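Take a look at the structure below.
Just so you know, all these numbers are worked out from the coordinates, no wet-lab data involved. Here the structure is a predicted model, which is why all the values come from computation and not from measurement. Counting neighbours? That spans all protein chains shown, and the Cβs are built from the backbone with ideal geometry, glycine included.
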Amino acid sequence: MPEIAALLETFFSRISIEKRTAWLERNPEIAYILRSEGNIVGCAFVLPLEEQKILHILNAQIKPPTRPQDIGIYEPGKHYCLYIRSVVVLQSVPKPQRKHWAARLISELIREIIEFGARGIIIDKLYAQTDTKHAEHLLKLLGFTQIVSATENKNFVLDILVSGSAFALRYKRALNRWLEE
């Protein structure tokens, strides 16, 4: 966790290692790590939270705390909303390398969420928030829709059940195969 925290702190002011460790103890499937030559070069945290909690986070000027007990534990047949808390890659390398790592990390996240469908984990919606044009563009490419925000950040949702995006369709096919079995 200290190595992940060091990477996160290049974007965010201060990361509580104790808090993130408690989150991981609650649900180890919330963290995604990208390595290159044995070093952590990217990471993401995607949290299964109650939808009301996510909406509260998205619309708060100061982010409310997320306690370990707020984080769901994945079980087949249960419904979840996911909050994409953070997606970061190492910035101390040339831009083409950063783009490559970001693409790999996003591809891995997509693959993992599709795998949730294959395991019978029902994802209703994914939520994200950003303050960068690059992330905004990427979210729209993935099929996310911008929703109202009470802050300077932009909020996005991907409603899996109604989305026709390639990503959502792949997830729904995987889930339908699980349901048929």
Original post:
Here is a list of conditions, (1) in contact with a Lys or Arg (Cβ under 8 Å, 6 or more places away or on another chain); (2) free of Cβ contacts under 8 Å to residues at least 60 places away in the same chain, and V87 meets all of them except one; can you say which number that is?
Top reply: (1)
Subject >> Pick from segment 36-54, criterion part of a helix (DSSP H, G or I) and in contact (Cβ under 8 Å) with a residue 12 or more places away in the chain, ranking: surrounded by the most Cβ atoms within 10 Å (Cβ to Cβ) >> reply: I54
**OP:** Would you mind telling me which numbered condition in (1) within 17 Å of the chain's Cα centre (by Cα); (2) surrounded by 15 or more Cβ atoms within 10 Å (Cβ to Cβ); (3) within 24 Å of T132 (Cα to Cα) I114 fails?
**Re:** (3)
Original post:
For the subset of segment 127-164 comprising residues that are acidic (D, E) and under 16 Å from the mean Cα position of the chain (by Cα), which member is surrounded by the fewest Cβ atoms within 10 Å (Cβ to Cβ)?
Top reply: D131
**OP:** Return a yes/no flag: does segment 141-152 have any residue that is without any contact (Cβ under 8 Å) to a residue 24 or more places away in the chain and in a helix (DSSP H, G or I).
**Re:** yes
Subject >> Number of positions in segment 58-72 that are surrounded by 12 or more Cβ atoms within 10 Å (Cβ to Cβ) and without any contact (Cβ under 8 Å) to a residue 60 or more places away in the chain >> reply: 7
